[in-house]
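To start, the structure itself, in structure tokens.
Any read-out appearing in this document is the output of simple, stated calculations on the displayed coordinates, not a laboratory observation. Because the structure is predicted, anything quoted here is derived from the model rather than measured. Neighbour counts are summed over all protein chains in view; Cβ atoms, including those assigned to glycine, are modelled from backbone coordinates with ideal geometry.
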Amino acid sequence: MKYLITICLGAFFSISLFAQNKISLVKIEKANKSVKFHKMEAISFDIDLKFGGKTGMKGTVISSTSSSFIKIIKADGTILTFDGSKVWLSPAEKNYKGARFDMFTWQYFFMAPFKYSDGGTKWEDLGNLIYTAETKLPAAKLTFESGTGDASGDYYLVYKNAKNLVEAMGYIVTFGGRNLDQAEKSAHAIVYSDYQNVDGVPIAMQWAFHNWNKEKGISDKIGEAKITNVKFVKILKEDMKVAFDALEVKM
């Protein structure tokens with residue numbers, strides 16, 4: 001009987017802990033109108049990304065709200081397409097080393113507040129953490145089950161503001177073969193601001209990139225992105241076409 005009580009208490013505390021760890025997530029999803037977002041078929045936006053004053057990427061991103069289809073039309077004429085299983089680049093002669101990184105990273109940063117309940121996500125509530133030298137914010141750690149995405153070893157620290165919108169995400173990048181120690185030494189954060197209402201859904205129109213670590217929060221700014229022309233759209237058959245001369249971009 002005592003053994004049974006211990007098991008029951010253990011289960012109760014596990015459920016309670018799970019519920020506590022989901023509190024921040026539930027509030028974020030509600031504030032970001034995640035349910036409404038996912039009722040839409042797709043979203044399109046323009047991005048102008050700069051690091052060190054130089055353009056990192058400029059173009060238009062079209063993505064299904066489920067992320068099962070993504071197309072990036074870059075200003076230089078390069079087209080990246082994710083068809084749900086493979087990444088394609090056209091024209092083939094414009095292939096470059098960071099193509100697969102570009103395919104998923106900037107789209108994920110835009111979509112992140114609407115993807116926090118995706119399969120393979122794991123959450124740990126961290127309470128109030130140092131965000132700047134003067135500020136603490138509620139934060140939670142997002143990790144991924146093995147095999148999730150291109151870099152399941154990555155993790156994010158998600159900070160939320162008083163309105164329960166995402167204030168920032170600290171992140172590491174293990175993509176390209178870097179180990180955890182290497183990734184943590186060059187960790188960064190994306191800070192979201194200028195939230196605007198797009199058909200009832202708040203979208204951050206300004207991003208800022210900072211050096212960051214999980215103990216001290218954000219420090220100097222290293223880049224920025226401006227998001228414009230955001231609109232919910234239908235995916236056309238023309239959008240889904242992959243050019244006949246496209247090159248598959250593998251891991």
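Here are a few things to note about the model shown:
- With 21 Å as the limit on Cα-Cα distance, the pairs of Lys86/Lys122; Lys39/Lys163; Lys50/Lys136; Lys50/Lys241; Lys39/Lys115 that go past it are Lys86/Lys122; Lys39/Lys163; Lys50/Lys136; Lys50/Lys241.
- Our coupling estimate for the stretch 27-33, obtained by passing each phi through the Karplus curve with A = 6.51, B = -1.76, C = 1.60 and θ = phi - 60°, is 5, 5, 5, 5, 5, 7, 6 Hz, Gly and Pro reported as x.
- Placing R0 at 25 angstrom, the Cβ-Cβ distance between Asp199 and Asp239 gives a FRET efficiency of 0.80 after rounding to 0.05.
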